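Trainee: Just passing along the structure, written as structure tokens.
Please treat every number below as a calculation from the coordinates, not as lab data. If you're wondering where the values come from, they're calculated on a predicted model, not measured in any experiment. Glycine also receives a Cβ, built like all others from the backbone with ideal geometry; neighbour counts cover every protein chain displayed.
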Ligand SMILES: Nc1ncnc2c1ncn2[C@@H]1O[C@H](COP(=O)(O)OP(=O)(O)OP(=O)(O)O)[C@@H](O)[C@H]1O
Ligand SMILES: [Mg+2]
């Protein structure tokens, strides 16, 4: 990263590509610029400009408005595609509004009138290089910010792992010491061993969720009936969530089978249900909806890395407290939790995110404070091994 920054900012050599089919004009312009200390490349055609732009590493290109059968504006896009960040200026003898507007619309930074006046030329070039410097400085600052955010996220994960590892070690340490104590009554031994086992199970659970987030859980897709699966899960959730929460399942007609990791899908929905329960301490309604659809290439529901095809959509919604806007961006982060209690690791949504992504799907959240939250999972209907 440092090497890249040093290359792009600050710029020492000012490299300008002159593209003009009028050889005499191109030569005289180049001579003038060389005398001012610029490194100059010359192309007498659009084709030649495209060929040499990458190797010459120009920062600025001066393009003649008329270039044989093409016009200079049409060259801006192919040149900037080959060399992102290239600043283009148009040379024009026709200073009519249409020409200038068209040039600027096509991405030209500025234009210079022919015949060229030296002061205007140098002033325009100075502005071009200043713009490049500012853009490079902004990019460097943004990169530094991205890096800092990444480090912060890594620190949060490392801190979370250390915290829970420590808790588990402390529980095991205390438990083993007690078990080794001769004075311990035999009747208490089983209870202490049970607590020890609980601490180990809890640590294993945290580990499973972390592996899920890291997409390191092996997915074991099997074919199963979605309706049956969700019906059974709903029955279990009704029993687990208690009477103050109404659980409703709404399954679209004709919802067939799916080929996914059934157990992990169950764990993910349970995480969502447990979040819903925590958001509805005074009671409320938990709704699970499921549907399937054929999503075509341009469907906005498809994230960039998702191919078109058949998908299952599962939405889990609650009528609870909602997610405050200031924490909405962080809820998928491992170990992010707004709950004050020790059992909340802040790994539920992280597992959901990792599982859905690893399955080739996507997850989104819609929430309104005081009204409730909807978490939507979109999963490919048939996952290959
Ligand atoms: N349905 C919801 N309603 C309101 N807030 C929610 C909901 N789901 C998640 N959140 C917020 O997102 C945070 C992160 O959720 P996540 O499930 O990852 O962790 P957690 O529930 O705090 O702990 P864990 O799931 O590990 O027990 C929660 O602490 C809560 O602030
Ligand atoms: Mg949770």
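Trainee: Classify the range 193-283 as rounded, prolate or oblate, taking a ≥ b ≥ c as the square roots of the eigenvalues of its Cα gyration tensor: rounded when a/c is under 1.5, otherwise prolate if a/b is larger than b/c and oblate if not.
Mentor: Working: a/c = 2.23, a/b = 1.17, b/c = 1.91.
It is oblate, given that a/c is not under 1.5 and a/b is not larger than b/c.
Trainee: Quick check on packing: order 51-57, 347-353 by the mean number of other C-beta atoms within 10 Å, highest mean leading.
Mentor: 347-353, 51-57
Trainee: Of the peptides 72-85, 261-274, how do they stack up when ordered by the mean number of other Cβ atoms within 10 Å, highest first? Present the calculation step by step, with values, prior to reporting the outcome.
Mentor: Values: 72-85: 16.3, 261-274: 20.0.
Most protected by this proxy first, the peptides run 261-274, 72-85.
Trainee: Taking each pair of distinct Cα atoms in the range 147-213 once, what is the resulting Kirkwood hydrodynamic radius in Å? Kindly include the intermediate steps, with their values, before the conclusion.
Mentor: Details: mean 1/r = 0.0728 Å⁻¹.
Averaging 1/r across every pair of different Cα atoms and inverting gives 13.7 Å.
Trainee: Over the Cα atoms of the chain, each weighted equally, I'd like the Debye log10 I(q)/I(0) at q = 0.06, 0.07, 0.11, 0.12 Å⁻¹, rounded to two decimals.
Mentor: Result of the Debye calculation: -0.46, -0.58, -0.89, -0.95.
Trainee: Going by average Cβ neighbours within 10 Å, how do the peptides 118-126, 174-182, 61-69 rank, with the highest at the top?
Mentor: Working: 118-126: 13.9, 174-182: 12.2, 61-69: 20.6.
With the highest mean Cβ count within 10 Å placed first, the list reads 61-69, 118-126, 174-182.
Trainee: Please determine, in degrees from 0 to 90 and to the nearest 10, the orientation of helix 226-241 with respect to the longest principal axis defined by the Cα atoms of the chain, where the helix direction is its Cα long axis.
Mentor: Once rounded, one gets 60 degrees.
Trainee: Among DSSP beta bridges whose residues both lie in the chain, state the antiparallel percentage, nearest 5. Working shown, then result.
Mentor: Numbers: 31 of 57 bridges.
So the antiparallel bridges amount to about 55 percent of the total.
Trainee: Note the angle between two axes, namely the Cα long axis of helix 262-279 and the longest principal axis of the Cα atoms of the chain, as a number of degrees from 0 to 90, rounded to the nearest 10.
Mentor: 90 degrees
Trainee: So what's the back-of-envelope 222 nm ellipticity for the chain, counting only DSSP H runs of four-plus at -39500 (n - 2.57) apiece and dividing by all residues, rounded to 500? Write out the running numbers ahead of the final one.
Mentor: On the way: 11 runs with 190 residues, N = 385.
Helix-only estimate at 222 nm: -16500 deg cm²/dmol.
Trainee: Right, another one. With all distinct Cα pairs included, what does the Kirkwood hydrodynamic radius of the range 2-142 come out to in Å, to one decimal, could you say?
Mentor: Details: mean 1/r = 0.0659 Å⁻¹.
Across the range 2-142, the inverse of the average 1/r is 15.2 Å.
Trainee: Once both axes come from the Cα atoms, what is the angle between helix 46-56 and the longest principal axis of the chain, in degrees from 0 to 90, rounded to 10?
Mentor: For helix 46-56, the angle is close to 60 degrees.
Trainee: Continuing with the same structure: Rounded, prolate or oblate, given the Cα gyration tensor of the range 173-330, with a/c below 1.5 counting as rounded? All intermediate terms of the calculation are to be shown ahead of the outcome.
Mentor: Working: a/c = 2.20, a/b = 1.86, b/c = 1.18.
Cα axes put the range 173-330 in the prolate bin.
Trainee: For the range 344-385 and the range 8-58, write down the distance between their C-alpha centroids in whole Å.
Mentor: Rounded to whole Å, the Cα centres lie 52 Å apart.
Trainee: Separation between the residue 165 and residue 326 pseudo-spin-labels, each 7 Å from Cα along Cα→Cβ, expressed in nm?
Mentor: So the label points at residue 165 and residue 326 sit 3.2 nm apart.
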